[in-house]
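The values are calculated or read from the model by the stated rules, or taken from the named source; none is laboratory data. No experiment lies behind these values; they were computed from the predicted model shown. Here the Cβ positions follow ideal geometry from the backbone for every residue, glycine too, while neighbour counts run over all protein chains shown. SASA here: full protein model, heavy atoms, side chains in, ligands and nucleic acids out. Shrake-Rupley method; radii C 1.70, N 1.55, O 1.52, S 1.80 Å.
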Amino acid sequence: MIARTAEAAQAAIGAACRELHLPTVRAEAAAIAAQAAKEQLTHLGYLAEILTAEVDERDGRRRARRVHEARFPRAKRLADFDCAANSNINPALIATLASGAFIDAGTPLCLIGDSGTGKSHLLIGTGIAACEAGRRVRYVTCEIGRASCRERV
């Protein structure tokens, strides 16, 4: 190993991180190193912290990218759905939609109802939950003859 000054070490970390495509490690190395020194972490503890930061940041970017690529018309979350506004919606149904178990089972989701009952909110919220769970989603609207199929996730 080569003994390096602090500046040389930072330069080497920056160059290696650019080569290895580790932007979070490059940006946070100094701050996490200072915190690790303050908390008297071992070298392995520091390494675990910096790599965890990179993984967490990548996961967040991946989730945001999936939501963006789904092309939802607006952001709606299942947690924000007001079950009191529509007494026909059981709160347990919201939890089932959020889990995505129906996707794993291959069960279709079809929401039918009058205007203003929350169908779009539930579809968009379910789609966002699926994106955040690692699934790829595409939101589209369609018209089929005279019958209208307004939204589909």
_Within region 1-22, take every residue that is of a type outside the set (Gly, Ala, Ser) and either surrounded by 15 or more Cβ atoms within 10 Å (Cβ to Cβ) or not in a loop (DSSP other than H, G, I, E, B) (or both) and give me the one that is nearest to the chain's Cα centre (by Cα)._
Leu22
*Hey, could you check region 57-73 for residues that are in contact with a helix residue (DSSP H, G or I) (Cβ under 8 Å, 6 or more places away or on another chain) and of a type outside the set (Lys, Arg) and say which is surrounded by the most Cβ atoms within 10 Å (Cβ to Cβ)?*
Phe72
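From the residues in region 35-46 that are open to solvent by 80 Å² or more (accessible area, probe 1.4 Å) and touching a helix residue (DSSP H, G or I) at 6+ places or on another chain (Cβ under 9 Å), which one is nearest to Arg138 (Cα to Cα)? Full working, then the answer.
Quick first cut of region 35-46, residues open to solvent by 80 Å² or more (accessible area, probe 1.4 Å) only: 35, 38-40, 42-44.
Among the residues that remain, those that are also touching a helix residue (DSSP H, G or I) at 6+ places or on another chain (Cβ under 9 Å) are: 35, 39, 42-43.
On the way: Gln35: 41, Glu39: 45, Thr42: 45, His43: 43 Å.
Of everything passing the filter in region 35-46, Gln35 is nearest to Arg138 (Cα to Cα).
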*Odd one out for Asp114, checked against (1) in a loop (DSSP other than H, G, I, E, B); (2) surrounded by 12 or more Cβ atoms within 10 Å (Cβ to Cβ); (3) out of contact with any Leu (no Cβ under 8 Å at 6 or more places or on another chain)*: (2)
